[in-house]
Structure formats: structure tokens, C-alpha cells
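This report refers to the structure that appears directly beneath it.
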Amino acid sequence: MTEQHRFDERIAQEIAIEAQDWMPDEYRKTLIRQIGQHAHSEIVGMLPEGNWLTRAPSLKRKAILLAKVQDEAGHGLYLYSAAETLGCAREDIYQKMLDGKMKYSSIFNYPTLNWADIGVIGWLVDGAAIVNQVALCRTSYGPYARAMVKICKEESFHQRQGFEACMVLAQGSDEQRQMLQDAINRFWWPALMMFGPNDDNSPNSAQSLAWKIKRFGNDELRQRFVDNTVPQVEMLGMTVPDNDLRFNEATGHYEFGEIDWEEFNEVIAGRGLCNEERLAAKRKAWEEGAWVREAALAYASKSIA
Ligand code: FAQ
């Protein structure tokens, strides 16, 4: 039996592929791309919320937000480690992200303008992330699947704290309710874009589904998110910014309007509202942290000697 046959059999039998196992080069490359982008998203994703750490409205909210942002750093490091099991160097993929040669999630290129945005990020952005990541707990590459299990538990806390923060605003003054509706209006469509292009425009989906890296198509997961979330918006007494949204009794699903794909393509091409600002912040942090990395390496070499 050839190595390729053994690999195909393991995929068919749902036996996880591990770091030491033979795998096709393209499978390895796809995983480095997806896990690397996922790691970058966690790290860049700290910036929009980090922006509000010093302006959280109470000590309780600040402590929760601090814990959430720290969790995201942990997820990023965990995912970089998973990517490294595939033979890439963390510095290399990180540099590619800083050079704009590797993507991170489009959602983090939108600004956080008011406190309600922080609640809405927890609720909608982490909510969308969970729908995608729960599916990835059964991805075919063992180290990625195991990372997802731990990460999903933490994302679930993130989503609940976000919804709770939104609930408080929804029960507050007219001004607070308006602030919440405004945040929903700005983040609804970008949250739907997190699931990627429609299946017929998704160049990677067919092969990733065949390899069971992805377990569902982009559209199916997006639909799942809409079905989960619309009742939550209604529960808060808010509205979804989509005139085409309607519940189809026959299918049991919500039908929704067309995503602005031109906006999506602009954002992933590096021309969104905050792309430059986000990369500039990460480059600055990387350059200013050079002495820490040097000191850590010098210390480590002395400890070995
Ligand atoms: N943004 O052929 P497909 C989080 C790219 S959650 C940017 O469909 P694929 C938690 C795609 O990479 C967010 N780029 O690609 C958190 C490909 O480009 P390439 C991170 C996007 O891989 C919450 C091209 O378009 N989650 O961080 C996007 O099969 C709050 C064609 O697309 C993950 O990364 C997009 N939205 O499916 C943190 C989950 N969509 O590489 C802080 C893991 C597509 O060929 C605060 N990733 N592209 O140049 C995945 O599940 C998949 O990679 C998809 C895309 C579904 C995102």
C-alpha cells in the first residue's frame, strides 16, 4: 500500500492525521495557510478590543475584557504551535502577515467606535467564530482539531459575556439602545463575511472538504449563524439591517440579502477601513519587541551552557 493510499484510508475512516504521518504536500500547505491565517486573526483580533481596555465603563467590564483579550493571545500562540507541527517557522508566517502576504480575518479591519461595539464583537464575532470552529473540532489534522476544542470553550465564554453586555445596553436608556443598534448595523454584514465567499466562489472549499479539513461549506455555516442569531437580535428588541431577511416556514431557515462582495474583496485585498492601521500597529509592536526576543534568546543560551 502506498503512502497516498494509507493517507486516503485514514481520511475515509476519520482517523486523525498526526504531525509525524505522511501527508500530501498540498494538504500540508493548505493547513499551514488556514491555521496560520487563523492564528494571525487571533493576534490582530486583539487590537479592536484592546482599544477599549482603558475606557471600559466599569472595573467588572474591564476585568472581563482584559481576560478575553488575553485568551485571544493564548489562542494565537496555540495555533502558531499547531502550524509549527507542520514544519513551518512561526517567524516566517508571522513576517508574511506583517508584509501583507498572508491574510487574517476581514472582520478585524473594522473600527470599534463605541462601547456597544465591544459587546457586539463578543456576541456576533465570537458567535460567528464558534459556528466555524465547532465544525473544525472534527477537522482531519489532529493538532488543529485538539486546539479547536480548547479554543471553543473559551470562545463560548466570550460570546456569552458579549451577549450579556448587549442585554444590559438593550435594557438601558434610549441612547444606549441606539448605540447598540448602531453597532449591530455596522457589524452584522462584516460578521456574515467571516464565513468567506459563497461556495461557488470559494477556490479552496472543494479540496478542503474532500480532505475533511473543512467539514461544511462556507454557505452552510453562514446560514447556521444567521439561524442562530436572528432570534437573539429580536430577543434584544433590536433589528437586523437587512430588508430582505425573512423566515421561510417551509425550510425552517432565514433567507437573507446579498453580501456586498465588492466590500469583502476590497477588505481581503488590504484596502479595508483599518487594514493599514492594524498592520502598522503589529509592525510597531514587532520592532519594539526586538530587544525582548534578543534578551530571551541570550538568557536561554546561558541557561543551556
Ligand atoms: N477574511 O476558498 P476560501 C477569530 C480568504 S475568528 C479574510 O473560501 P478557505 C476569533 C481565504 O483565506 C476568525 N480572508 O478559503 C476572535 C482565501 O484566501 P487565500 C478567524 C478570507 O480557507 C474573535 C480566499 O479568501 N477564523 O479570530 C475570509 O477554504 C474575536 C478564498 O476563500 C478562522 O480563520 C475572511 N473572512 O475558507 C478573535 C477560521 N474568507 O488564502 C478575536 C479558520 C475567506 O487563498 C476577537 N478558517 N478568505 O489567499 C476557515 O475556516 C477558512 O479558512 C475560511 C475560508 C472559512 C475563513
Return a yes/no flag: does segment 235-258 have any residue that is within 24 Å of TYR104 (Cβ to Cβ) and not aliphatic (A, V, I, L, M). no
Name the residue, out of LYS60, LYS29, that is more than 16 Å from the ligand (Cβ to nearest atom), farther than 20 Å from LYS284 by Cβ and exposed (fewer than 15 other Cβ atoms within 10 Å of the Cβ). LYS60
Looking at segment 5-17, can you tell me whether even one residue there is within 25 Å of GLY196 (Cα to Cα) and assigned to a helix (DSSP H, G or I)? yes
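When you scan segment 291-299, do you find a residue that is farther than 30 Å from ASP242 by Cα, surrounded by fewer than 12 Cβ atoms within 10 Å (Cβ to Cβ) and among the charged types (D, E, K, R), even just one?
We begin by selecting, within segment 291-299, every residue farther than 30 Å from ASP242 by Cα; these are 291-299.
Those left that are additionally surrounded by fewer than 12 Cβ atoms within 10 Å (Cβ to Cβ): 291-299.
Within this subset, residues satisfying the condition of being among the charged types (D, E, K, R) are 293-294.
Within segment 291-299 (the criterion being farther than 30 Å from ASP242 by Cα, surrounded by fewer than 12 Cβ atoms within 10 Å (Cβ to Cβ) and among the charged types (D, E, K, R)), the answer is yes, since at least one residue qualifies.
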Yes or no: GLY119 modelled with pLDDT of 95 or more, within 11 Å of the ligand (Cβ to nearest atom), under 20 Å from MET235 (Cα atoms) and part of a helix (DSSP H, G or I)? no
Within segment 194-210, is even one residue surrounded by 18 or more Cβ atoms within 10 Å (Cβ to Cβ), farther than 18 Å from ASP260 by Cβ and modelled with pLDDT of 95 or more? yes
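Has segment 131-145 got any residue that is of a type in the set (D, E, K, R), surrounded by 24 or more Cβ atoms within 10 Å (Cβ to Cβ) and either at pLDDT 95 or above or within 9 Å of the ligand (Cβ to nearest atom) (or both)? Outline the logic, then answer.
Taking segment 131-145 and keeping what is of a type in the set (D, E, K, R), we get 138.
Those left that are additionally surrounded by 24 or more Cβ atoms within 10 Å (Cβ to Cβ): none.
No, segment 131-145 has no match at all.
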Flagged pairs (Cβ under 7 angstrom, 6 or more apart or on separate chains; first in segment 1-19, over 15 Å from LEU136 (Cα atoms); second of a type in the set (Val, Ile, Thr) and exposed (fewer than 11 other Cβ atoms within 10 Å of the Cβ)) are none
In segment 67-113, what residues are more than 12 Å from the ligand (Cβ to nearest atom), open to solvent by 10 Å² or more (accessible area, probe 1.4 Å) and part of a loop (DSSP other than H, G, I, E, B)? THR85, GLY87, CYS88, ALA89, ASP99, PRO111, LEU113
Tell me whether segment 34-50 contains one or more residues that are in contact (Cβ under 8 Å) with a residue 60 or more places away in the chain, of a type in the set (Asp, Glu) and open to solvent by less than 40 Å² (accessible area, probe 1.4 Å). yes
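Which helices (runs of 4 or more DSSP H) does segment 172-269 wholly contain that include 2 or more residues that are touching a residue at least 24 places away in the same chain (Cβ under 8 Å) and of a type in the set (Val, Ile, Thr)?
Working: elements: 174-193, 205-210, 218-235, 261-268.
In segment 172-269, the matching helices (runs of 4 or more DSSP H) lie at 218-235, 261-268.
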Residues in segment 45-66: is at least one farther than 30 Å from GLU164 by Cα and in contact with a helix residue (DSSP H, G or I) (Cβ under 6 Å, 6 or more places away or on another chain)? no
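Confirm whether ILE268 is farther than 20 Å from GLY50 by Cβ and modelled with pLDDT under 95. Let's see the steps before the verdict.
On the way: farther than 20 Å from GLY50 by Cβ: yes; modelled with pLDDT under 95: no.
Answer is no for this residue.
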Taking segment 45-63 and keeping residues hydroxyl-bearing (Ser, Thr, Tyr) and in a helix (DSSP H, G or I) leaves THR54
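Among residues belonging to segment 21-42 that are of a type in the set (S, T, N, Q) and under 12 Å from TYR141 (Cβ atoms), point out the one that is nearest to the chain's Cα centre (by Cα). Write out each step before concluding.
Keep residues of segment 21-42 that are of a type in the set (S, T, N, Q), which gives 30, 34, 37, 41.
So of that shortlist, the ones also under 12 Å from TYR141 (Cβ atoms) come out as 30, 34.
Working: THR30: 17, GLN34: 11 Å.
Top of the filtered list is GLN34.
Taking ALA281 as the residue in question, decide whether it is more than 14 Å from the ligand (Cβ to nearest atom) and either surrounded by 13 or more Cβ atoms within 10 Å (Cβ to Cβ) or in a helix (DSSP H, G or I) (or both).
Numbers: more than 14 Å from the ligand (Cβ to nearest atom): yes; either surrounded by 13 or more Cβ atoms within 10 Å (Cβ to Cβ) or in a helix (DSSP H, G or I) (or both): yes.
Yes; evaluated as a whole, the condition is true for this residue.
A quick yes/no check of all residues on (1) within 17 Å of the chain's Cα centre (by Cα); (2) farther than 30 Å from ILE17 by Cβ:
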| residue | (1), (2) |
| --- | --- |
| PRO111 | yes, yes |
| TRP123 | yes, yes |
| LEU136 | yes, no |
| LYS150 | yes, no |
| VAL168 | no, yes |
| GLY172 | no, yes |
| GLN181 | no, yes |
| ILE184 | no, yes |
| ALA210 | no, no |
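Run down GLU287, GLU276 and say which single residue is within 19 Å of PRO190 (Cα to Cα) and open to solvent by 40 Å² or more (accessible area, probe 1.4 Å). Let's see the steps before the verdict.
Numbers: GLU287 fails: within 19 Å of PRO190 (Cα to Cα).
Exactly one residue qualifies, and that residue is GLU276.
The values are calculated or read from the model by the stated rules, or taken from the named source; none is laboratory data. Note that the structure is predicted; figures quoted are calculated from it, not measured. Counting neighbours? That spans all protein chains shown, and the Cβs are built from the backbone with ideal geometry, glycine included. Keep in mind that these areas ignore ligands, DNA and RNA; they rest on the heavy atoms of the full protein, side chains included. Shrake-Rupley method; radii C 1.70, N 1.55, O 1.52, S 1.80 Å.
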